[in-house]
Amino acid sequence: MNPANVRAFTGVNCDNAIVALDRTRDADGFRLDFYTDFRYIPMVHRVAPRLNCRDIRWFWKPLCGERVVRRVGYEAIITHQRFLELQKRHPRATFVDDTADLAAVRSVKTTDEIAAIRAAERLACEIWNDASARFRAGMTERGMARIIQKLIIERGEGEAFSTIVCVGRNAAECHHEPDDTVWNGREPVLVDMGVRLGGVCSDLTRNLVPGFLEPSRPLKSVRTSRLYRQVYALVLKANRTAIAAARPGMTGKALDAVARKVIREGGFGRCFWHSLGHGVGYEIHEAPTAGRKSDIVLKPGMLVTIEPGIYLEGNLGVRIEDLVLITETGCEVLSDLAAK
């Protein structure tokens, strides 16, 4: 029922659909039925003519002489009311939450999905470079966000999530909502943005630091405080160290621990609150996760963000985020490493 899962498994982009996979009498046989409402049925006929498309009302209507169903797998996205209806329709069935299984299948991307996400991430990097060059002193956070949003609309299919723009101390709020804070042209600016392209998402976090003319070299700006320079260098080190360590066979929590160790040894362990990263695909947050409790084993074809951060409330915040593809021997960075 999750629209992202519907699209991943059928190719149909629909926000009101049920994909029912039904085991047939044949031991290895399955029947797949696609249920949706009248608004989408013509579209399904056009984009996926091989699907057995039916009116969604039939899914919830008990059928006369329906066989006894012993086992039903469902997604946790289902409402409580609908779940009760399913139980009433199949009173002898055992119900099994298959949400994690579906997420695991989707966590390893197909060749086409990888190509689409690579293109989306590349576009996000291009938009960041173009947008940041247009930022001027006197602009508000909202004004800078609008520049990014306009470019995303012009070149992509919309935002993957609401663009985050943080000036100065506002960056200490992980998911700060852009407001009327004015940029004086000297304070650091943190931007977290994503582009939707080809139905998939991208995710990128960068920091604009006045005087930082050569991103590949250590930060040296007389306009930034010594503390900010220390924090930025530490987050960048954690980011690069985790990227170098990412490989198949390691767990999400092992990858998280690599970056967390760098920040802890730098004296800011209590200021890195969130997980290191998450998967990206048809949704902006999906499996796998790279966090302290993640036992997910990374496999070739998985994508995960590497986004360590340090947040000092009322003072500053730094987060650097790249998207990587797990390969057979390590990982491939899909972001533009030159534009940190």
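The values are calculated or read from the model by the stated rules, or taken from the named source; none is laboratory data. Since the model is a prediction, treat every value here as computed from it, not as a measurement. Don't worry about glycine lacking a Cβ; one is built from the backbone with ideal geometry, like all the others, and counts go over all protein chains shown.
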>> For the stretch 280-334, give me the residue count where each residue is part of a strand (DSSP E or B) and aromatic (Phe, Trp, Tyr).
In response: 1
> In the stretch 308-340, which residues are among the acidic types (Asp, Glu) and under 19 Å from the mean Cα position of the chain (by Cα)?
Replying inline: GLU321, ASP322, GLU332, ASP336
> With THR241, THR305, THR251 as the choices, which residue is under 30 Å from ASN13 (Cβ atoms) and either more than 19 Å from the chain's Cα centre (by Cα) or in the same structural domain as LEU123 (by TED's automatic domain parsing) (or both)?
Replying inline: THR305
> Any idea which of ASP112, ASP97 is at pLDDT 95 or above, within 23 Å of TYR40 (Cβ to Cβ) and surrounded by fewer than 13 Cβ atoms within 10 Å (Cβ to Cβ)?
Replying inline: ASP112
>> Out of ARG247, ARG217, I need the residue that is of a type in the set (D, E, K, R) and either part of a helix (DSSP H, G or I) or modelled with pLDDT of 95 or more (or both). Which one?
In response: ARG247
>> Being among the hydrophobic types (A, V, I, L, M, F, W, C), surrounded by 14 or more Cβ atoms within 10 Å (Cβ to Cβ), closer than 30 Å to PRO210 by Cα and out of contact with any Pro (no Cβ under 9 Å at 6 or more places or on another chain): is that true of ILE117 here?
In response: no
> Of HIS274, HIS285, HIS278, which residue is buried (at least 22 other Cβ atoms within 10 Å of the Cβ) and out of contact with any Leu (no Cβ under 9 Å at 6 or more places or on another chain)?
Replying inline: HIS278
> Consider ALA259 against the criteria (1) more than 27 Å from ALA104 (Cβ to Cβ); (2) not in a strand (DSSP E or B): it satisfies all of them except one. Which criterion is unmet?
Replying inline: (1)
> Has the stretch 117-140 got any residue that is in contact with a strand residue (DSSP E or B) (Cβ under 7 Å, 6 or more places away or on another chain), outside any helix (DSSP H, G or I), under 30 Å from PRO188 (Cβ atoms) and aromatic (Phe, Trp, Tyr)?
Replying inline: yes
>> Looking at the stretch 28-61 only, could you name the residues that are assigned to a helix (DSSP H, G or I) and of a type outside the set (Phe, Trp, Tyr)?
In response: ILE41, PRO42, MET43, VAL44, HIS45, ARG46, VAL47, ILE56, ARG57
>> I need a count of the residues in the stretch 305-330 that are farther than 19 Å from VAL191 by Cα and either charged (D, E, K, R) or in contact with a His (Cβ under 7 Å, 6 or more places away or on another chain) (or both).
In response: 1
> Which condition does ILE152 not pass, out of (1) within 24 Å of PRO308 (Cβ to Cβ); (2) among the β-branched types (Val, Ile, Thr); (3) not in a strand (DSSP E or B), if it passes all the others?
Replying inline: (1)
